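Enquirer: Just passing along the structure, written as structure tokens.
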């Protein structure tokens, strides 16, 4: 890491995990919970609140420059997600985009890190397609050609979140040889400007405020200043575990919110809710186990061993399963009031579904674990 | 690709962006593409009906293969006994349970297809000219129907929570009342050998790959490791017409089991058959020369050229599940010698994956007994029914069959009882007590037919 990027900061300011988490929780509970439904259903993109969360230190603990504390980053994300799953998700986008900048080692990108880490600027990640392509689930969507001073890239990605004009996202494009065979892939920071066509996505069932767009590139020029990794594969191999592990913070927040929703009605409905299965105490015990497992894995986020990857993939899969189970239970606990369109359990169920289907989806995780296991 | 009649093949194209499939047979009537519209006839301004990208983002689509097992029993939500591993141990325990209880739900989780075969045959089957398919005695599907077992095949156990009785697999999470670990062991490879550089015969799939590779005609085969499998395989492949080099890091084959006199007879027998035995040969690495010829490079600089390389360097038990569930692991999943229970009450283990008092026991003979004991413990609460007896070891080297009763010890003293044209009989004593008897039949050159 280029430490000059931090020269304007009092570095010790960001050392206190507990204080950061406390500030993040405050912003999330005061500002986010009030607008969570509007974010989920009406498409309100909470850039203002993201800025405040950034100022509180939500998006930086996992970065090497700030001590590489993945546990703290995951706990921040979880606290945000507990109040709004959509914002939890774009927190993950912001966090991994920060990783790309920092680990690129490209001075032009590293110099952008402080603004990004403190929520002055925003950026996401367009790696769903290449992550699936690298494990043979689907084909690469973006193609690049080498030109003087960089690459030109064309292609379409259907759903990229946390992007807007003036923001950026990490992306990967394939470079083919003249005979059509694959040469390699290049990873770059895609700066969203007038050269990028963003098209409104069809209406989703929830998570509308994540600023998710279809992104089309037609001979978009990528300069050397934007290169994250060339070739991309070694870089992806290095960050893959960390990339997936960070998502667990978001998933655990949705689960915790679901447990909260079960408990909210305990006073009035506890006498009948006692007959339900997946009661909050039971869900919480599983969440506690899972959290402990995740905190352990967070100690060594860049371990690329097969054992570690299996653990990360399995933990992430369990996060999805638990979020789905917990949100379903939240609705059953709240009964009729949970069936109201604007109720919290309705939103939690939509959020949990997204936890289960976004890359890496439960099925992708299992596909990949099976692949890893069968490699001997 | 689908064929609708004999001459027209309708093609499928997939949207790279969202996965929608355009089927030429069906067209896209909602946007004015009649059924039968060829992909190349679609106008450039047509948009994917799901995500809105244009036809340049579509590519030809072939239906991917699905590897899930066929359904053999009615779906049941009742958690029952879950068995991990469809080798001899796994199927034996299922047979034993079904003998006593026709109804208890059983689920079998297997990393492979789960077909039943007799594993000891793998080291002697090549010279019989059979294929992997012919070694299958009963398919998993047939056995699953007959024994009413739910099959989850081509699937792996990745997580185990003993407190919640929950097994996490690559095909979903399953609950169990009792779990039986029969996961076997996997080849142990020295660090000079990459898994994809050599064959092994630890399961039918890998054996089948080797068999196919050897079908092309007589080849040079290098076998690394001169334990039981290495020795049996060397003879088998030699008999099948291949030129075999046996690379042995020790001075003699089967160093831990055979006294020097017996080992020398075995080497003489192998050499007489045409097998090259490289003693005290330590591998430095593998290399390929400019003309593409592969060789094992030994530490003394000599090379053994090969067309096929086989590792017979021993086995080890994977400890992932044991670690996750906090099961005691000591050179294998540690089990109680009388009950075959692991350190968790409702989890049992048998076969190659277990260790008793820190010793792994990778022989076929005890498995049936272990299976019956586990069934009896699970179904009748009879927890003390197993008694471990050292198995009789039989080396299936046909030119010189070896039978060993009792497990010899390094401190033991060997005495020759009989040595003549027909047989060699030796006994091992520790502190005056006979602990092992070795019988070797038919000395070199005297093999009938």
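Enquirer: Could you look through segment A:301-328, keep only residues that are assigned to a loop (DSSP other than H, G, I, E, B) and touching a helix residue (DSSP H, G or I) at 6+ places or on another chain (Cβ under 7 Å), and pick out the one that is modelled with the lowest pLDDT?
Expert: Step by step, filter segment A:301-328, then rank; the result is A:304.
Enquirer: Further, regarding this structure: Can you pull out the residues in segment A:200-229 that are crowded, with 20+ Cβ neighbours inside 10 Å, assigned to a loop (DSSP other than H, G, I, E, B) and away from chain B (no Cβ under 14 Å)?
Expert: A:206, A:207, A:211
Enquirer: I need the full set of residues from segment B:315-334 which are out of contact with any helix residue (DSSP H, G or I) (no Cβ under 9 Å at 6 or more places or on another chain) and in a loop (DSSP other than H, G, I, E, B), in order please.
Expert: Scanning segment B:315-334 gives B:319, B:326, B:330, B:331.
Enquirer: Restricting attention to segment A:136-152, and to residues there that are outside any loop (DSSP other than H, G, I, E, B) and more than 14 Å from chain B (Cβ to nearest Cβ), which single residue is nearest to the chain's Cα centre (by Cα)?
Expert: A:144
Enquirer: Let me ask something else. Here is a list: B:189, B:193, B:122, B:151. Which entry is touching a strand residue (DSSP E or B) at 6+ places or on another chain (Cβ under 7 Å) and outside any loop (DSSP other than H, G, I, E, B)?
Expert: Of the residues listed, the single one that is touching a strand residue (DSSP E or B) at 6+ places or on another chain (Cβ under 7 Å) and outside any loop (DSSP other than H, G, I, E, B) is B:151.
Enquirer: In the list B:179, B:193, B:210, which residue meets the criterion of being closer than 21 Å to residue B:317 by Cβ, out of contact with any helix residue (DSSP H, G or I) (no Cβ under 7 Å at 6 or more places or on another chain), surrounded by 15 or more Cβ atoms within 10 Å (Cβ to Cβ) and modelled with pLDDT of 95 or more?
Expert: Only one candidate qualifies: B:179.
Enquirer: Look through segment A:292-304, keep the residues that are in contact (Cβ under 8 Å) with a residue 24 or more places away in the chain and away from chain B (no Cβ under 14 Å), and return whichever of them is farthest from residue A:17 (Cα to Cα).
Expert: A:304
Enquirer: While we're looking at this one, here's another question. Across segment A:109-135, what is the total count of residues that are away from chain B (no Cβ under 14 Å) and not in a strand (DSSP E or B)?
Expert: Number satisfying all stated conditions: 17.
So that you can scan it fast, the table gives a plain yes or no per residue for (1) at pLDDT below 90; (2) assigned to a loop (DSSP other than H, G, I, E, B); (3) more than 21 Å from the chain's Cα centre (by Cα); (4) on the phi < 0 side of the Ramachandran plot:
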| position | (1), (2), (3), (4) |
| --- | --- |
| B:367 | no, no, no, yes |
| B:371 | no, no, no, yes |
| B:377 | no, no, yes, yes |
| B:382 | yes, yes, yes, yes |
| B:387 | no, yes, yes, yes |
| B:400 | yes, yes, yes, yes |
| B:404 | no, no, yes, yes |
| B:407 | yes, yes, yes, yes |
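Enquirer: Looking only at segment B:261-274, which residues are closer than 18 Å to residue B:435 by Cβ and surrounded by fewer than 18 Cβ atoms within 10 Å (Cβ to Cβ)?
Expert: B:261
Enquirer: What residue, among those in segment B:196-207 that are surrounded by 18 or more Cβ atoms within 10 Å (Cβ to Cβ) and part of a helix (DSSP H, G or I), is nearest to the other protein chains (Cβ to nearest Cβ)?
Expert: Checking each candidate, the answer is B:206.
Enquirer: Can you tell me which of B:121, B:141 is in contact (Cβ under 8 Å) with a residue 24 or more places away in the chain and either within 14 Å of chain A (Cβ to nearest Cβ) or over 17 Å from residue B:183 (Cβ atoms) (or both)?
Expert: The conditions single out B:141.
Enquirer: Across segment B:125-148, which residue is surrounded by the most Cβ atoms within 10 Å (Cβ to Cβ) among those that are in contact with a strand residue (DSSP E or B) (Cβ under 6 Å, 6 or more places away or on another chain) and over 30 Å from residue A:313 (Cβ atoms)?
Expert: It comes out as B:143.
Enquirer: Please go through segment B:13-44 and give me each residue that is within 14 Å of chain A (Cβ to nearest Cβ) and modelled with pLDDT of 90 or more, ordered by number.
Expert: Listed by number, the residues that qualify are B:13, B:14, B:21, B:44.
Enquirer: Only one residue in A:343, A:327 is more than 14 Å from every other protein chain (Cβ to nearest Cβ) and without any contact (Cβ under 8 Å) to a residue 40 or more places away in the chain, so which one is that?
Expert: Being more than 14 Å from every other protein chain (Cβ to nearest Cβ) and without any contact (Cβ under 8 Å) to a residue 40 or more places away in the chain holds for just one of A:343, A:327, which is A:343.
Enquirer: For residue A:157, state whether it is farther than 30 Å from residue A:342 by Cα, surrounded by 24 or more Cβ atoms within 10 Å (Cβ to Cβ) and free of Cβ contacts under 8 Å to residues at least 60 places away in the same chain.
Expert: yes
Enquirer: Within segment A:37-56, how many residues are buried (at least 17 other Cβ atoms within 10 Å of the Cβ) and farther than 15 Å from residue A:78 by Cβ?
Expert: 12
Enquirer: Please enumerate the residues belonging to segment B:169-182 that are in a strand (DSSP E or B) and farther than 22 Å from residue A:365 by Cβ.
Expert: If the condition is that a residue be in a strand (DSSP E or B) and farther than 22 Å from residue A:365 by Cβ, then B:177, B:178, B:179, B:180, B:181 are the ones that fit.
Enquirer: Look at segment B:125-148 and say how many of its residues are over 30 Å from residue B:240 (Cβ atoms) and outside any loop (DSSP other than H, G, I, E, B).
Expert: 5
Enquirer: Here's something else I'd like to know. Report, by residue number, each residue of segment B:154-168 that is assigned to a loop (DSSP other than H, G, I, E, B) and within 9 Å of chain A (Cβ to nearest Cβ).
Expert: B:154, B:155, B:156, B:163, B:164
Enquirer: Within segment A:255-274, can one find any residue that is at pLDDT 95 or above, buried (at least 20 other Cβ atoms within 10 Å of the Cβ) and either within 14 Å of another protein chain (Cβ to nearest Cβ) or on the phi > 0 side of the Ramachandran plot (or both)?
Expert: No, that holds for no residue.
Enquirer: State which residue pairs qualify: first residue facing another protein chain (nearest Cβ under 8 Å) and inside segment A:358-376, second residue in a loop (DSSP other than H, G, I, E, B) and surrounded by 19 or more Cβ atoms within 10 Å (Cβ to Cβ) in any location, beta carbons under 6 Å apart, and separation of 6 or more residues or different chains.
Expert: Once the first residue is facing another protein chain (nearest Cβ under 8 Å) and sits in segment A:358-376, its partners that are in a loop (DSSP other than H, G, I, E, B) and surrounded by 19 or more Cβ atoms within 10 Å (Cβ to Cβ) give A:370/B:156; A:373/B:156.
The values are calculated or read from the model by the stated rules, or taken from the named source; none is laboratory data. Everything numeric in this text was worked out from a predicted model, so none of it was measured. Quick reminder, even Gly has a Cβ in these numbers, built from the backbone with ideal geometry, and neighbours come from all protein chains shown.
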